Amino acid sequence: MRDQPDGVALLDIARQVLREDVLPLLQPDQRLPVLMVVNALGIAERQLRAGDKPVQEQLQGLQDLLDGKAVPVELCQTPQAERLRLGRQLGMLIRSGKADPSTALHAPVAVHLREVALQTLLESNPKYLKKGA
């Protein structure tokens, strides 16, 4: 069992200290690197909170889309690696025109890409989603 605070809480604490205690002490031209670290800590925190679920969902979506269409390649070692491999295959399928608006694959590919974009925003910039609400 891990002691408290856990990794997610530690990332939040580190981000808060940088933002509230360190950033105000810096000259304006020195703030960008610290803001980048604050942002990276936030992304890491959100990824830890989400766990493997987003990768598994994307992998399942890609497998569903590419069922019978995937180029046979050696099996990858991790779900993340397999997701990346199938993502490249989806990219090749899109570039080939097989997911153009006049095809049956267009709608499911568009839905998948929207879901991936939404998950990416949820992890990297959730405030952007709140602006559109």
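Figures for the structure shown
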{"read-out": "Among Leu35, Gln77, Ala117 the positive-end extreme of the charge dipole of the chain (Cβ point charges)", "value": "Ala117"}
{"read-out": "Listed values (i) 15.7, 53; (ii) 13.8, 37; (iii) 19.5, 58, entry calculated as Rg and Dmax of the Cα atoms in Å", "value": "(iii)"}
{"read-out": "Set of aspartates and glutamates with alpha-carbon distance to Lys130 below 19 Å, sequence-local pairs under 8 removed", "value": "Glu45, Glu115"}
{"read-out": "Label point distance in nm, Ala81-Gln63, each placed 7 Å from Cα along Cα→Cβ", "value": "1.7 nm"}
{"read-out": "Environment charge at Leu113 (Cβ cut-off 15 Å; Lys +1, Arg +1, Asp -1, Glu -1)", "value": "+1"}
{"read-out": "J(HN,Hα) series, the stretch 114-119, from Karplus relation 6.51 cos²θ - 1.76 cosθ + 1.60, nearest Hz, glycine and proline x", "value": "5, 5, 5, 5, 4, 5"}
{"read-out": "Estimated distance in nm for a label pair at Ser96 and Gln30, the labels positioned 7 Å out from Cα along Cα-to-Cβ", "value": "5.6 nm"}
{"read-out": "Net charge, Ala50 excluded, C-beta distance under 12 Å - Lys, Arg +1, Asp, Glu -1", "value": "-1"}
{"read-out": "Accessible area expressed per residue, the stretch 77-129, with surrounding protein chains retained (probe 1.4 Å, Å²)", "value": "65 Å²"}
{"read-out": "Apportionment of accessible area to carbon and sulfur, the stretch 3-133, percent (1.4 Å)", "value": "59 percent"}
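The values are calculated or read from the model by the stated rules, or taken from the named source; none is laboratory data. Since this is a predicted model, take the numbers as computed values, not measurements. Virtual Cβ from ideal backbone geometry, glycine too; neighbours counted across all protein chains shown. Just so you know, the surface numbers come from the protein's heavy atoms only, side chains and all, with ligands and any DNA or RNA stripped out. Shrake-Rupley method; radii C 1.70, N 1.55, O 1.52, S 1.80 Å.
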